[in-house]
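The block underneath contains the structure these notes are about, expressed in structure tokens.
The values are calculated or read from the model by the stated rules, or taken from the named source; none is laboratory data. Computed from a prediction, not measured in an experiment: that's the story for all the values here. As a convention, Cβ positions derive from the backbone with ideal geometry for all residues, glycine included, and neighbour counts pool all protein chains shown.
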Amino acid sequence: MALTPETLTRHELNGLHARVVESTNPDAVGIGGRVVSETMRTLSLAEGDRVWQLPKRGATFEFALPRERTDEAADAGKASGTATELPSETAGLRASQSGGCEAVAYVTVDGARLLSRPELRTEKAGEPTWR
């Protein structure tokens, strides 16, 4: 299954760039970096030499998906409930902030949707076996 805005919550998050856009802890808002570790209840983001371990519950994360890893749904800026809550300046696709010309899809996810063991969340990625 391809990594798209719709399937982000069912994929491995390690290596993706993320930032906190909302949190019950106002000091956590704006923290960003690469996801270096994920546990059942936390995400660890690294930026430079600093690593922040942030609780998933009570936070909303914005993930950057490189354009070559998204599909037509990202092209339209529609992510079935995941990208609609982005602020207007970060919605949809735009050039990467790293100075490259690569387009990036920004997807917001409520941390509560990520509250599970990562390996179990990714195992349930396929189609249901029952009809």
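Restricting segment 1-27 to residues that are among the small types (Gly, Ala, Ser) and buried (at least 18 other Cβ atoms within 10 Å of the Cβ), which is nearest to ARG121 (Cα to Cα)?
Initially, segment 1-27 is screened for residues among the small types (Gly, Ala, Ser), giving 2, 15, 18, 23.
Those still in the list that are buried (at least 18 other Cβ atoms within 10 Å of the Cβ) too: 18, 23.
Working: ALA18: 18, SER23: 22 Å.
This residue is ALA18.
If you check THR60 against the conditions, is it in contact with a strand residue (DSSP E or B) (Cβ under 8 Å, 6 or more places away or on another chain) and touching a residue at least 60 places away in the same chain (Cβ under 8 Å)? Criteria not met by THR60. Do you know which of the residues in segment 36-56 that are loosely packed, with under 13 Cβ neighbours inside 10 Å and within 19 Å of ARG117 (Cβ to Cβ) is modelled with the lowest pLDDT? Among them, the one singled out is THR39. On the stretch given as segment 13-28, residues that are within 10 Å of the chain's Cα centre (by Cα) and in contact (Cβ under 8 Å) with a residue 60 or more places away in the chain total 1. Residue check: GLY33 meets all listed conditions (1) modelled with pLDDT of 90 or more; (2) under 11 Å from the mean Cα position of the chain (by Cα); (3) under 17 Å from PRO66 (Cα atoms) but one, namely (2).
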